[in-house]
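First comes the structure, then the notes that go with it.
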Amino acid sequence: MNKRALESRTVIISVVFVLIALIFIIRLFYVQVLNDKYKLDADNNSKRNITEYPARGLIYDRHGKLLVYNEAAYDLMILPRQVPEDMDTIAFCELLRIGKDQFIKKIEKAKVFSYYKSSVFEREFSSEEYARIQEQLYKYPGFFVQTRTLRNYPEGTAAHVMGYISEVTSSQIEKNPYYKPGDYIGKSGIEQSYEEELRGKRGLRVVMVDVFNREKGKFAEGIYDSTAVSGKDLELTLDADLQEYGERLMQNKKGSIVAIEPTTGEVLALVSAPGYDPNLLVGRERSNNYSLLNQNELKPLFNRALMAKYPPGSTFKSINALIGLEEEVITPYTKFSCNNGYRSGRFHMGCHAHPSPVDLKYSIQTSCNSYYSNVFRAIVDSYKSTEKGYGIWRNYILSFGLGTKTGIDLPNELNGFVPDIAYYDRYYRKGGWSSLTIVSLAIGQGELGFTPLQMANMSATIANRGYYVTPHIVRKVGNKRVEMIDSSVYRHETAIAPKHYEEVVSAMYDVVEKGTGMSARLDSIQVCGKTGTVQNPHGEDHSTFIAFAPKDNPKIALSVYVENGVWGSRWAAPMAGLLIEKYLKGKIKREDIEIRMLEGNLIEIPNRP
Amino acid sequence: MRNSTSIFYNLDWFTILLYLILVFAGWLNIYAAVYNEEFQSIFDASQQYGKQLLWIGTSVVLGITILFIDERFYNTFAYVIYGVVLFLLVLVILIGAETKGATSWFAIGGFKIQPSEFAKFATNLAIAKYLSTLNIKMSDLKTKLIAAVIIFAPAILILAQNDTGSALVYGSFILVLYREGLSGNFLVIGITTAFLFVMALIMGNEIFNFPFDVQVDGSLLLIILVSLVCALLWYLNRKSKQLIVVMIAVFMASAGLIKSVDYIFNNVLEPHQSKRINVMLGLESDPRGAGYNVNQSLIAIGSGGVIGKGFLEGTQTKYDFVPEQSTDFIFCTIGEEWGFLGSLVIIALFVTLLLRIMFLTTRQRSDFARIYGYGVACILFFHFTINIGMTIGLAPVIGIPLPFFSYGGSSLWGFSILLFVFLKLDSDRMKVL
């Protein structure tokens, strides 16, 4: 080969150098300038949005007793991208105490959600579990822990009032842009109705992390960060001791107790039996426990105090007496005869044996059916048409807050039911019904249906001699009294003149002193009440009682409803007496009654999960 | 001898300037790559960047020392140096320390020395010495064989140390031999072999469906294609009687190669190497497996954008998403923090250096210096191509350093000696008659 040819090879080699460099530059231009994929990947690699969960507001009772607080819990998060394929899954499953198939399912779920974004692998480890897991966690890249708080209920009472929180559903996220997957939201009780006050405001920290997910400092000096604002604390109107006592009295029974402070409308106790320990619906076992409770045939999750509709029974006679007085169809001295019941043509409504004729006071004391059938018919028939008369009567009932939601600050309250004219027109045909057709309304039977809360409110209205304040369960939100911020809490007047109440009140006093409600009688306190025995086509009759005390200047009004308790005097009245004694005296003197009430079992299968 | 008053007088200062820029830029990028809030001082000798400064200082001293040694020393003692290095390469296999699966290090006190980094220089001396001997002709079979022995002896010893990357570097000498008269056919054969190898890998496990229900195995299809190409070449030159023999030989060799690729792939290459090659060819896409490094490297470089994130602002490299970021993947730091423009500058600096060396070879009077110069350029070029190529997904991930940039004393010393000996030879070119 000649020298020139060889020298040209120097040029060829140099051209190869330049060619490779050009290829590199073209490739770099594509990777760095044209393609955006890598920039996003880099952010996914190193930027981490860490949500700062605010502490949910605490909840106290009316005396400052702590009912709900927060406990730290730890969610184990997974970032699938960083989980090595050769990780020791057996040791990991043992560490978490989960099965291999569960592990695979969870990994798949996380991968489906996102390969590059973290998601919850396993929820809500307790502090003890966390300590154990944390020690080993460094061995498993791609897993890290996020702190959050769980609810804890030191008293274990008032589960239905408290409600519970759980993860938001996708439809809730769609409705409210505040929530993000994995957030918790109040699902029932005050957790639901005061969700916005309790939850506070979520904070965000954007941090840089290294390949081991260790935090390396704030992103962009923290300009995207926001601090979490804690939720507001709530002070409830509940008296925790009374609530607890009510729940104990109702153990192994079905029914409800609602107690209200008449002058303020503050709910002192709200018991629905059977209940459950609110701590069951917290943490990792929640979904298991929830389905157990949900399948329980006694329906412990069902809040009877707000959602069960019972006929008021004879307790309703007090109301009919008031309407009779207001409509001037009777005076306190009007007497009706009762011969083992009420008769009109072929119609007969039974009554128990008692002296006859009866006046207003004695009619309440002895709960005379005949008297009220006469009064009811007199009211309705004093107008030109049954419809008009019934309409007038119905309006009186509505003015007691019966048949419509009371407006309590708890979710899922029922309206109750007072049939309107259209209902009877449909049921019997227009013009096809008279006061006699619907005379069972006189004694609180028939189509009437009220919630235990409405009954307690009715009792409070009588105690107040003519008005009630919207029942409510929360007294203070943060530092603000609820009356200041909630316009739905106000005084409602009934359509009955206050002067008529004294007759009924003193009659109700006689009920307890010498009538059907004597088992509620207390030596030191003047108790007023009215029993009820509600006909139950499905089994034993229901025992009910409304009461308030003291007679003058009442501090507590309540309704007790014991399903299948037969007579009002058997279960409901003694319980009401005990509750009043407990609330006003703080101590129970009549221990024999207390023991009988506590040990009473009206449920065949006494199981509480 | 005539008119040189100082050893620095005829020195090529442009190359020295390029060298210093590259070394300094390398040092800054090592600092950025391993940057740590706890050790912020760039001079902290407990950190890689502090140590690298030490290597840079000693390299400069080494360079100056080389300049003071008489240029005839390198020619005279070329074989001796080569012999000593071969001895060290054998010794390291016997008593070397094992790091990342390769026994290529002598551990002396706290320092580690990698003789293979100096073997490139020694081999280059020996090959230059041999090819510059009078009456040597590249066309002789004997010359080719001896040259091959000089090149492959250290390569095989390094392969025995389990350091495949460094061994492959010796392939770059084929360019030197080509420049000195080796037939271009060897290059063509080399490239064709590599091409067939890759194609055999890609097509080997595929079944191709053709009309009329004909199914053809991938390697068979490849052999059929090769035979068609051979037939076409013969048809175009059908007057030549020789060519038919050559084409048959080519065809046989190709078929043998394709059939044996599977064997080579599974039995010759290390599992991690065959896997990396698979990933590079797109046969496996597993972002957490073997492709992880390349993927992270691409993310780092790609996220740099046009102007980069700025010095010490690279999140991917700083937070260790990129592996080996101060050594094999140092180019990621450049790409991420300095962006496309920074990468452009670095590539331009390297190409300028390579072209400058090629230019300097043209003014050498001695064949020894000239051939030595080719060796320097080709070794640097190979490192440059493979190293940057692998960080941007164009070359297989075989761990060899980026000259002057990557952290490491042995490699920086090795490259500095390689370059400064050439500068010494160049500065004394007038002494040669």
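The values are calculated or read from the model by the stated rules, or taken from the named source; none is laboratory data. Keep in mind the model is a prediction, meaning the values are calculated, not measured. Please note: Cβ atoms are built from the backbone with ideal geometry, for glycine as well, and neighbour counts cover all protein chains shown. Each accessible area value is taken on the protein alone, full model and side chains, heavy atoms only, with ligands, DNA and RNA left out. Shrake-Rupley method; radii C 1.70, N 1.55, O 1.52, S 1.80 Å.
A few points about this structure:
- Taking label positions 7 Å along the Cα-Cβ direction at both A:Asn35 and B:Phe311, the computed distance is 3.0 nm, reported to one decimal.
- ³J(HN,Hα) computed for each position of segment B:361-371 - Karplus, 6.51 cos²θ - 1.76 cosθ + 1.60, integer Hz, glycine/proline x: 4, 5, 9, 6, 8, 8, 4, 4, 5, 4, 5
- Evaluating 6.51 cos²θ - 1.76 cosθ + 1.60 at θ = phi - 60° for every residue in segment A:263-277, the Karplus couplings come out as 5, 10, x, 7, 7, 8, 8, 9, 10, 10, 10, x, x, 7, 7 Hz, glycine and proline recorded as x.
- Annotation: the antiparallel percentage among DSSP beta bridges lying fully within the protein assembly as shown is about 95.
- Global geometry of chain B, whether rounded, prolate or oblate, following the gyration tensor of its Cα atoms and the 1.5 cut on a/c: oblate
- Inter-label distance, nm, simple model (7 Å from Cα along the C-beta direction), A:Thr51/A:Val229: 1.8
- Stretching the chain fully between B:Phe73 and B:Asp213 yields a gain of 43.3 nm (0.36 nm per residue, less the alpha carbon separation).
- Separation of segment A:98-129 from segment B:323-340 is 34 Å, based on Cα centroids.
- GluC sites (Glu not before Pro) lying in DSSP loop within segment A:43-140, provided at most 13 other Cβ fall within 10 Å: A:Glu85
- For chain A, the square roots of the Cα gyration tensor eigenvalues, ordered a ≥ b ≥ c, give a/c of at least 1.5 with a/b greater than b/c, which places it in the prolate category.
- Here the accessible area of the protein assembly as shown is 58 percent carbon and sulfur, with a 1.4 angstrom probe and all protein chains present.
- Among the GluC sites (Glu not before Pro) found in segment A:273-349, those both in a DSSP coil and sparsely packed, with 16 or fewer other Cβ atoms within 10 Å of their Cβ, are A:Glu297, A:Glu328.
- Accessible surface, segment A:379-531, averaged per residue in Å² (probe 1.4 Å): 39
- Of the GluC sites (Glu not before Pro) found in segment A:541-609, those in coil by DSSP whose Cβ has at most 11 other Cβ atoms within 10 Å are A:Glu604.
- Amide proton proximity set for A:Ser188, modelled H, under 5 Å, gap of 5+: A:Tyr164
- B:Gln242-A:Ile26 FRET efficiency (beta carbon distance; Förster radius 35 Å; 0.05 resolution): 0.30
- The protein assembly as shown shape via C-alpha gyration tensor axes, a/c threshold 1.5: prolate
- Alpha-carbon centroids, segment A:542-582 and segment A:344-418: separation in whole Å: 20
- Under Karplus coefficients 6.51, -1.76 and 1.60, residue-wise ³J(HN,Hα) of segment B:392-397 in Hz, glycine/proline x: 10, x, 9, 9, x, 7
- Helical segments meeting 15 Å axial Cα length and Kyte-Doolittle 0.5 threshold in chain A (DSSP H): A:3-28, A:452-463, A:572-585
- Around the amide H of A:Phe417, modelled in the peptide plane, lie the amide H atoms of A:Gly403, A:Gly449, A:Phe450, all under 5 Å away and 5 or more residues distant in sequence or on another chain.
- Electrostatic tally near A:Val482: other residues with Cβ closer than 15 Å to its Cβ, Lys and Arg +1, Asp and Glu -1, net -3.
- Residue range of chain B that is longest and free of GluC sites (Glu not before Pro) which are both DSSP loop and sparsely packed (at most 16 other C-beta within 10 Å): B:39-205
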